[in-house]
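Notes to accompany the following structure.
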Amino acid sequence: MFKKTLFIVTGSLVAMSAFSADMANVKKSIPLEDGSTVYVFKDGKMGMEDKLGRSTRMKPGHVMTTKDGGKLIMVGDEVMRVESLLKEHSSSGN
Ligand SMILES: [Cu+2]
């Protein structure tokens, strides 16, 4: 019982620090042909932002075409991480 409570508290602390560290965890963002953006995180996993600026899902293994005509294979589906990135953007006023 005590252990479980401790775990929940630790979990929310991690989530809070992850929120502010997310932008620092983005290795690069890659624009795609269709106007959406792929965020590549430092651990190599990716998340998607659609052309309207919303986080969106994509199955790992999906082949994407970058704006410059290259091919990119989806790794992971970090929709929650992209979501917190986008929240950070909108709260900074641009
Ligand atoms: Cu993708």
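Loop-resident trypsin sites (Lys or Arg not before Pro) (DSSP state other than H, G, I, E or B) in region 22-68 with no more than 10 further Cβ atoms inside 10 Å of their Cβ: 42. Straight-line reach from residue 71: taking Cα to Cα under 14 Å and skipping same-chain neighbours fewer than 8 places apart, the aspartates and glutamates in range are 33, 34.
The numbers here are math on the coordinates, done by the rules we state, and not lab data. Note that this is a predicted model, so its numbers are computed, not measured. Positions of Cβ are generated from backbone atoms using ideal geometry, with glycine treated the same way; all protein chains shown enter the neighbour counts.
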